[in-house]
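The values are calculated or read from the model by the stated rules, or taken from the named source; none is laboratory data. From a predicted model like this one, the values you see are computed outputs, not experimental measurements. Please note: Cβ atoms are built from the backbone with ideal geometry, for glycine as well, and neighbour counts cover all protein chains shown.
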Amino acid sequence: MKETINDVSIDLFYEKGYFATSVSEIAKRCGIQKASIYYYYSSKEHILYNIHKTTLDDLTDYLKQGVAAADDVEAQLRNAVRNHVHFHLTRQKETFIANSELRGLTEDHYQNIVAKRDEYERMVQQIISNGCKQAIFAKEDVKILSYAILTLCTSGAIWFKPNGRLSVDDIAGIYEKFVIRGLKDGGGVKIFSQTPASEP
């Protein structure tokens, strides 16, 4: 029943938002009494925290698997990008909630989730940093690069349609090529001097 409560809550939080969903609605859709919810969860916020924690833990494990399976830094980042996109598209509801409902957490739970998110970001930053040091990727600010890549790869959870034109693997492959190509040539951006040309 705990898993059912979790799954139903994910559906309702995704459909209506965390704050607009009541414990009574969760219980009704589960087909149980409201009091039964509290046997498994101490509060609605506890359900939300569990969704956040499980989602981030699973995402981090997925990243670690991809890194472990790679032979070099470029392959590590390719796998990281692919896995991040794949995870966000195949677990669209959970990742959408995890990225949009942080305000519903208590301070302690919020800090715990932020710490997990920071750990994930540091792992991605380490891959990028190693690639820059080995001259595989163009040297730029590693933190900014990581934020740009993760924001880009997370955005699919907003617009992805399971029955759309491209498969999850197709989309993940497009993101992978786009990110790697950008890192290898610095995004193809050329900086020109802003000094005005001298008068003839």
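Could you tell me which numbered condition residue 198 fails, if it satisfies all but one of (1) modelled with pLDDT of 95 or more; (2) not in a helix (DSSP H, G or I)?
That leaves (1) as the condition not met.
Exactly one condition in (1) touching a helix residue (DSSP H, G or I) at 6+ places or on another chain (Cβ under 6 Å); (2) surrounded by fewer than 19 Cβ atoms within 10 Å (Cβ to Cβ); (3) among the aliphatic types (A, V, I, L, M) is not met by residue 124; state its number.
The number of the failed condition is (2).
Could you tell me whether residue 99 is within 16 Å of residue 158 (Cβ to Cβ) and in a helix (DSSP H, G or I)?
Numbers: within 16 Å of residue 158 (Cβ to Cβ): yes; in a helix (DSSP H, G or I): yes.
Judged against the criteria, residue 99 is a match.
I'd like the full set of residues that are surrounded by 13 or more Cβ atoms within 10 Å (Cβ to Cβ), polar (S, T, N, Q) and outside any helix (DSSP H, G or I), limited to the range 21-61.
Hits for the range 21-61 are 21, 22.
Would you mind finding the one in 71, 108 that is at pLDDT below 95 and over 19 Å from residue 147 (Cα atoms)? Give the derivation first.
Numbers: 108 fails: at pLDDT below 95.
That would be 71, the only listed residue that is at pLDDT below 95 and over 19 Å from residue 147 (Cα atoms).
Give the residue that is modelled with the lowest pLDDT, with candidates limited to residues of the range 149-169 that are part of a helix (DSSP H, G or I) and over 15 Å from residue 81 (Cα atoms).
That would be 158.
Pairs needed: first member in the range 106-121, basic (Lys, Arg); second member anywhere, in a helix (DSSP H, G or I) and modelled with pLDDT of 95 or more; C-beta distance under 8 Å; at least 6 residues apart or different chains.
Sorted first by the residue in the range 106-121, then by its partner, the pairs are 116/53; 116/56; 116/57; 116/60; 117/56.
Kindly indicate which of 129, 146 is more than 11 Å from the chain's Cα centre (by Cα), assigned to a helix (DSSP H, G or I) and surrounded by 20 or more Cβ atoms within 10 Å (Cβ to Cβ).
Going through 129, 146 in turn, the sole match is 146.
Which condition number in (1) modelled with pLDDT of 95 or more; (2) under 20 Å from residue 175 (Cα atoms) is the one that residue 55 fails?
Result: residue 55 passes all but (2).
Looking only at the range 34-55, how many residues end up being in contact with a helix residue (DSSP H, G or I) (Cβ under 6 Å, 6 or more places away or on another chain) and farther than 17 Å from residue 106 by Cα?
Qualifying residue count, the range 34-55: 4.
Scan 18, 14 and give me the residue that is in a loop (DSSP other than H, G, I, E, B), out of contact with any strand residue (DSSP E or B) (no Cβ under 8 Å at 6 or more places or on another chain), of a type outside the set (A, V, I, L, M, F, W, C) and surrounded by 16 or more Cβ atoms within 10 Å (Cβ to Cβ).
Unique residue meeting the criteria: 18.
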